[in-house]
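The values are calculated or read from the model by the stated rules, or taken from the named source; none is laboratory data. None of the values given here were measured: they were computed from a predicted structure. Here the Cβ positions follow ideal geometry from the backbone for every residue, glycine too, while neighbour counts run over all protein chains shown. These accessible areas exclude ligands, DNA and RNA; they are computed on the full protein's heavy atoms, side chains included. Shrake-Rupley method; radii C 1.70, N 1.55, O 1.52, S 1.80 Å.
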Amino acid sequence: MSDNRNNSIIKKNVAAAFAIKVLSLCISLLTMPSYISYFNDQAVLGVWFTLLSILNWVLSFDLGMGNGLRNHLAIAIAANDKREQKILISSAYLSNGLLSLVFVLIGFVAIPHFDWGLILGVDGGLLKPDAIRLAVTSVYLAVVLQLFLRLASFIAYALQMSFMNNLISLITNSLLLVSVHCLPADVDVSLKLTNLAVCYFVLVNLPLVILSIGLFSFSMKGMLPSPKYVKLSSMKKVTSLGGVFFFAQIEYMVLINTNEFFISTFISPEAVVEYQEYYRIFSLVGTAISLSMSPIWSVVTKVYAERDYSYLRSLYKKLKLLGLSALPLSIITAVMLPFIFSIWLGSQAPVITTDSLVVFIIFGAAFAYQSVLSTFACGMSSMRTQVICYLFGCIFKVLVLVTVLPIYPMWQLVVLTTAICLVGYCAMQQYVINGAMKLLDE
């Protein structure tokens, strides 16, 4: 009965996630040409992508509390311990609220003192300094508010409602797409950037507000955070497990979310756009597999806590096969890319090169497979291998790119270096998990 129930949860979440993702895919494919048309300047669009990439780093600095809450809350829900659920939620919201407040204060003090034109690699004559600063402030505050509000997303994960987070992403991207078409086009490019940044502040957080209200009105009714349920021991419990997640998140951020920064800094903002055009297509394979993974984390946590090891081993074997399918799918994507680009971007499509295809085939397959292995490891709260491998990967990536890019300014090298780091992690993590599965047999 337990296996059937777990399988049913996975199937329902995956089915809902894929249905939503089909719509998200349509939105994503429409967004790129819409952005190109809106800015009508590759350099400014590159600045926008780089700005989002840099400031979204803040989301990695939640001390891992979201994932810590997710794991502990899933166990409390499985045990039907209502009091523990409310204590965990209240403690996590207070901790995250204080952290978000600190980030707001840091932002207001620090942002005015940075040369953002220099950081984003943009010519001072292209965008007004005040416009860049306002855009940075708007996006930064949007991300900090998101840092607080997205605790609702981790609660949804613990409730085995992972599809809700895909729905949130769909709604956000749809609203941003509509805003690009509704914002005035007959203004200078600096005003276009600030207008979009202000819209981003509202639209990226509005769906999270709605999700929070919905969760505490229905699925988690009676669990609204309350100061009297805050416990220091629970704050420590969430952040102690979360602390491990925190280090892994920071390292993962350096591995994956710094590509735009390196490309913009050492090459040009225009190169960021070309990178994004390839990335958005090749990441579809990884995204599809990650969708399958979205309900797995909490299921693994639940099954591991229940000591249902036979189901855990069976699930792991199936997930490995799913992850390995990423390589042939990435190769098929490369073969079809000329057709995809011609339909998607038309005359604005970049020239396809063999080196770009090769590095993205490797990256796409490694990115997808690491999502399978890391999800399984995180569900078991077994983070040691991930933290160590990501740390060495970060050091390797930064040293190689800082040394090589000034000599060979090719954005493909950024992708290749990232892919090598992910392949190394996959090899080690699979070895460790395979060993753990053998121990469960004994």
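Let me know the shape class of segment 129-248, please: from the alpha-carbon gyration tensor, a ≥ b ≥ c as square roots of the eigenvalues, rounded when a/c is under 1.5, otherwise prolate if a/b is greater than b/c, or oblate. Since a/c reaches 1.5 and a/b is larger than b/c, the shape of segment 129-248 is classed as prolate. What the Cα atoms of segment 294-352 give is an Rg and a Dmax of 19.1, 56 Å.
For segment 90-150, divide the Cα radius of gyration by the Kirkwood radius and give the resulting Rg/Rh value with two decimals. Walk me through the numbers before you get to the answer.
Values: Rg = 14.2 Å, Rh = 12.8 Å.
Radius of gyration relative to Kirkwood radius: 1.11.
Normalised radius of gyration for segment 385-427, please: alpha carbon Rg relative to 2.2 N^0.38 Å, two decimal places. Don't skip to the answer; put the middle values down first.
On the way: Rg = 10.8 Å, N = 43, 2.2 N^0.38 = 9.2 Å.
The reported ratio for this selection is 1.17.
Largest mean-square fluctuation among Gly424, Gly66, Gly364, in a Gaussian network model of the chain whose springs join Cα atoms under 10 Å apart, belongs to Gly424. Contact order, relative form, for the chain: 24 percent (alpha carbon pairs under 8 Å, 6 or more residues apart, mean separation divided by residue count). With kT/(6 pi eta Rh) evaluated at 20 °C and eta = 1.002 mPa s, and Rh the Kirkwood radius from Cα pairs, segment 49-192 diffuses with a coefficient of 123 µm²/s according to Stokes-Einstein. Solvent-accessible area per residue in segment 166-249 equals 49 Å², computed with a 1.4 angstrom probe and all protein chains kept. Overall shape: oblate for segment 338-416, with the ratio a/c of the largest to smallest alpha carbon gyration tensor axis at 1.5 or above and b/c at least equal to a/b. For segment 180-263, the spread of Cα coordinates along the three principal axes comes to 55, 36, 20 Å, biggest extent given first.
At 25 °C and 0.890 mPa s, what whole-number value in µm²/s does Stokes-Einstein give for the translational diffusion of the chain, with Rh from the Kirkwood sum over Cα pairs? Show your work: numbers first, answer last.
Working: Rh = 22.7 Å.
My calculation gives 108 µm²/s for D.
Once the Cα atoms of helix 326-344 and of the chain are each reduced to a long axis, what angle between those two axes, in degrees from 0 to 90 to the nearest 10, is obtained? It works out to around 40 degrees. Angle of helix 354-379 to the longest C-alpha principal axis of the chain, folded into 0 to 90 degrees and rounded to 10: 30°.
Can you compute the FRET efficiency between Asn257 and Lys228 using 1/(1 + (r/R0)^6), with r the Cβ-Cβ distance and R0 = 45 Å? Round to the nearest 0.05.
0.75
The candidates Glu260, Glu84, arranged from most to least accessible area with a 1.4 Å probe in the full protein assembly, appear as Glu84, Glu260. Angle of helix 163-182 to the longest C-alpha principal axis of the chain, folded into 0 to 90 degrees and rounded to 10: 20°.
How much FRET efficiency would the formula 1/(1 + (r/R0)^6) give for Asp355 and Asp188, where r is the Cβ-Cβ distance and R0 is 30 Å, rounded to 0.05? Don't skip to the answer; put the middle values down first.
Numbers: r = 37 Å, r/R0 = 1.23.
Step by step, r from the Cβ atoms, then E = 0.25.
How long are the semi-axes of the ellipsoid equivalent to segment 67-115, from square roots of 5 times the Cα gyration tensor eigenvalues, in whole Å, largest first? Present the calculation step by step, with values, prior to reporting the outcome.
On the way: eigenvalues 242, 20, 3 Å².
Equivalent ellipsoid semi-axes, largest first: 35, 10, 4 Å.
Solvent-accessible surface (1.4 Å probe) assigned to Lys86 amounts to roughly 40 Å².
Assuming 0.890 mPa s and 25 °C, estimate D for segment 290-442 with Stokes-Einstein, Rh taken as the Kirkwood radius over Cα pairs, in µm²/s. If you can, show how the numbers build up before the last one.
Details: Rh = 17.3 Å.
Translational D for this selection: 142 µm²/s.
Holding the Cα-Cα limit at 29 Å, pick out from Lys231/Lys302; Lys221/Lys320; Lys236/Lys320; Lys82/Lys236; Lys221/Lys318 the pairs that are longer than that.
Details: Lys231/Lys302 24 Å; Lys221/Lys320 37 Å; Lys236/Lys320 34 Å; Lys82/Lys236 19 Å; Lys221/Lys318 36 Å.
Cα-Cα > 29 Å for Lys221/Lys320; Lys236/Lys320; Lys221/Lys318; rest within.
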